[in-house]
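To start, the structure itself, in structure tokens.
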Amino acid sequence: MIVHVGPSHLPLPARLGGAVERRMMELAEAQARSGERVIVYSGGPETGWREYRGVSIRYLSGPRAEFALRFVQDVVRRAPRVIHVHNRAEIAWLVKAAGLGPAVLSCDYHFEPWRRFAHLRKVSKAVWRQFLLACDRIAPVSDYCREVYHAYWNLPESKLALIPNGVDCARFHPDAALRMEWRARLGVDGRPVILYVGRLCEQKGTDLLIAAYRMLKRPAALVVAGPCERFGQTQIGALVAQVREAGGIYLPPLDDADMPGIYNACDIFVMPTRELEMFGMAAVEAQACGKPVVASDHGGLRETVPESAGARFRTGDYADLAAHLEQFLDNPDSLAALATGALENAARYDWTRIAQRCQEVYAGL
């Protein structure tokens, strides 16, 4: 049995977004398809069970601050072969303290969670490092993530084992009927569509995309879909008003079932992140639908967006982003050529392959 556990504030399956939550569920589904018994733990309004796409979801009710302790108390009765923790190193530490394990920590963020409190920074980093050292393996999601993790925490190389994020290529794939349906719903006529999916915030570079779109000389439709600042938040922020003022279309966070449709509707996917982009799951999902990606030349995007599948612009430079978009809009044939490269690159990250990589890591514990 394999157990997955991570953030608890978005009850699973988190159908309106959440990259870590999506990683947990889609990896668990791939492992279940391979014949494994898989349980994923989640916060929820009531303690109980749900079967979802071959995975057992174990809900634990109660205050979010107590979720880690409730998890350990519950999982001790399951006797799992491995406990795969996502981002929450303190849970891995509790697992080992309870005599459970082995524990693998997948991570896509390298700072300790209390770093924003300057007066606690020194102590909190020392405490979090002990949590990390308790893990049997720490699994960064990209080579870039591995490098920053190693540099920031000074961890032994033997602790680190790359496990990338993935994409369900059986669900995300080119679909002409979905493309027509979603383009009609969006009302974009024959215009090429530039798409961004994710959180609307400065870190993700939403403002850069809006500024670049304003500079375009050729007609194109801009579609931006996602929550403002963080997943689970429903409040509309200033960036939404800027999208609309620029003539773009804003969509609130889409249901998970709608994601293949919105990707297929676009012609170019953009990921303009300024900082702390460890992988870029949305970029790979768009590629799986045959869509070229224009991304910032930053972090994990250097790995997930090769030139064969799109282009990278200077990080933070909206004029350079606009130039790349204009170049693609002026040459539709280049988009068709890059579609093949996008599909080939996405196939490298199919969840079936990532599940196999997990088994390699588990076997080495």
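The values are calculated or read from the model by the stated rules, or taken from the named source; none is laboratory data. If you're wondering where the values come from, they're calculated on a predicted model, not measured in any experiment. Note that each Cβ is placed from the backbone with ideal geometry, even for glycine, and that neighbours are counted across all protein chains shown. Remember, those area values only see protein heavy atoms, side chains included, never the ligands or the DNA or RNA. Shrake-Rupley method; radii C 1.70, N 1.55, O 1.52, S 1.80 Å.
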Handout entry: Residue list for region 120-145, restricted to those being in a loop (DSSP other than H, G, I, E, B) and within 18 Å of Tyr109 (Cβ to Cβ)
Key = Cys135, Val141, Ser142
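Whether any residue in region 230-249 is part of a loop (DSSP other than H, G, I, E, B), closer than 26 Å to Pro174 by Cα and either open to solvent by 10 Å² or more (accessible area, probe 1.4 Å) or of a type in the set (S, T, N, Q) (or both) is what I want to check.
Taking region 230-249 and keeping what is part of a loop (DSSP other than H, G, I, E, B), we get 230-237, 246-248.
Those left that are additionally closer than 26 Å to Pro174 by Cα: 248.
Still in the running and either open to solvent by 10 Å² or more (accessible area, probe 1.4 Å) or of a type in the set (S, T, N, Q) (or both): 248.
Among the residues of region 230-249, at least one is part of a loop (DSSP other than H, G, I, E, B), closer than 26 Å to Pro174 by Cα and either open to solvent by 10 Å² or more (accessible area, probe 1.4 Å) or of a type in the set (S, T, N, Q) (or both), which makes the answer yes.
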Exercise for the section: May I ask you to list pairs of residues, at least six apart or on different chains, whose Cβ atoms are under 6 Å apart, with the first in region 236-259 being touching a residue at least 40 places away in the same chain (Cβ under 8 Å) and farther than 18 Å from Arg185 by Cβ and the second being aromatic (Phe, Trp, Tyr) and not in a helix (DSSP H, G or I)? Expected result: Val240/Tyr250
Fill in the blank from the handout: Considering residues that are crowded, with 20+ Cβ neighbours inside 10 Å, touching a Phe, Trp or Tyr at 6+ places or on another chain (Cβ under 6 Å) and either acidic (Asp, Glu) or within 21 Å of Arg37 (Cα to Cα) (or both), the number found within region 71-103 is 2
Completion exercise
Sole miss for Ala170 among (1) in contact with a helix residue (DSSP H, G or I) (Cβ under 7 Å, 6 or more places away or on another chain); (2) assigned to a loop (DSSP other than H, G, I, E, B); (3) farther than 25 Å from Asp297 by Cβ is condition (1)
Handout entry: Residue that is nearest to Gln287 (Cα to Cα), among those in region 340-365 that are out of contact with any helix residue (DSSP H, G or I) (no Cβ under 9 Å at 6 or more places or on another chain) and open to solvent by less than 40 Å² (accessible area, probe 1.4 Å)
Key = Val361
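Quickly run through region 318-355 and pick out the residues that are of a type outside the set (A, V, I, L, M) and touching a residue at least 60 places away in the same chain (Cβ under 8 Å). Before the answer, list the steps.
Quick first cut of region 318-355, residues of a type outside the set (A, V, I, L, M) only: 318, 320, 324, 326-328, 330-334, 340-341, 344-345, 348-353.
If the condition is that a residue be of a type outside the set (A, V, I, L, M) and touching a residue at least 60 places away in the same chain (Cβ under 8 Å), then Tyr318, Glu326, Phe328, Asp330, Pro332, Asn345, Tyr349, Asp350, Trp351, Thr352, Arg353 are the ones that fit.
So which of Arg137, Arg171, Arg77, Arg115 is closer than 23 Å to Met25 by Cβ, among the basic types (Lys, Arg) and free of Cβ contacts under 8 Å to residues at least 24 places away in the same chain? Let's see the steps before the verdict.
Working: Arg137 fails: free of Cβ contacts under 8 Å to residues at least 24 places away in the same chain; Arg171 fails: free of Cβ contacts under 8 Å to residues at least 24 places away in the same chain; Arg115 fails: closer than 23 Å to Met25 by Cβ.
Of Arg137, Arg171, Arg77, Arg115, the one residue that is closer than 23 Å to Met25 by Cβ, among the basic types (Lys, Arg) and free of Cβ contacts under 8 Å to residues at least 24 places away in the same chain is Arg77.
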Practice task
Identify all residues within region 131-181 that are hydroxyl-bearing (Ser, Thr, Tyr) and open to solvent by less than 60 Å² (accessible area, probe 1.4 Å); write none if there are none.
Solution key: Ser142, Tyr144, Tyr149, Tyr152
Exercise for the section: Could you figure out which of (1) within 20 Å of Arg357 (Cβ to Cβ); (2) surrounded by 21 or more Cβ atoms within 10 Å (Cβ to Cβ) isn't true of Leu195? Expected result: (1)
Exercise for the section: Starting from region 45-57, keep only residues that are free of Cβ contacts under 8 Å to residues at least 60 places away in the same chain, then list their pairs with residues that are aromatic (Phe, Trp, Tyr) and open to solvent by 100 Å² or more (accessible area, probe 1.4 Å) whose Cβ atoms are within a distance under 8 Å, requiring at least 6 positions of separation or different chains. Expected result: Ser56/Trp49; Ile57/Trp49
Exercise for the section: Out of the residues in region 265-316 that are open to solvent by 10 Å² or more (accessible area, probe 1.4 Å) and aliphatic (A, V, I, L, M), state the one that is farthest from the chain's Cα centre (by Cα). Expected result: Ala311
Exercise for the section: Residues being at pLDDT 95 or above and farther than 17 Å from Glu277 by Cβ: count how many of those fall in region 135-162. Expected result: 7
Problem - Odd one out for Leu325, checked against (1) within 16 Å of Glu285 (Cβ to Cβ); (2) open to solvent by less than 10 Å² (accessible area, probe 1.4 Å) - result: (1)
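Tell me, which residue of region 198-228 that is basic (Lys, Arg) and at pLDDT below 95 is surrounded by the fewest Cβ atoms within 10 Å (Cβ to Cβ)? First the steps, then the outcome.
Looking only at region 198-228, we keep the residues that are basic (Lys, Arg), and these are 199, 204, 214, 217-218.
Checking the rest, the ones that are also at pLDDT below 95 come to 199, 217-218.
Working: Arg199: 20, Lys217: 9, Arg218: 11.
Looking at residues that are basic (Lys, Arg) and at pLDDT below 95, I get Lys217.
Restricting to region 59-89, name every residue that is touching a Lys or Arg at 6+ places or on another chain (Cβ under 8 Å), in a strand (DSSP E or B) and aliphatic (A, V, I, L, M). Full working, then the answer.
First, the residues of region 59-89 that are touching a Lys or Arg at 6+ places or on another chain (Cβ under 8 Å): 59-60, 62, 68, 74, 86.
If we keep only those that are in a strand (DSSP E or B) too, we end up with 59-60, 86.
The answer is Leu60, and nothing else.
Which of the following residues is under 19 Å from Ser296 (Cα atoms) and under 26 Å from the mean Cα position of the chain (by Cα): Ala212, Ala221? Don't jump to the end; show me each part of the working.
Values: Ala221 fails: under 19 Å from Ser296 (Cα atoms).
The unique qualifying residue is Ala212.
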Handout entry: Considering residues of region 54-68 that are among the hydrophobic types (A, V, I, L, M, F, W, C) and in contact with a helix residue (DSSP H, G or I) (Cβ under 7 Å, 6 or more places away or on another chain) only, the residue surrounded by the fewest Cβ atoms within 10 Å (Cβ to Cβ)
Key = Ala68
Practice task
Look through Leu343, Leu321, Leu335 and report the one residue that is part of a helix (DSSP H, G or I), closer than 13 Å to Asp267 by Cα and not aromatic (Phe, Trp, Tyr).
Solution key: Leu335
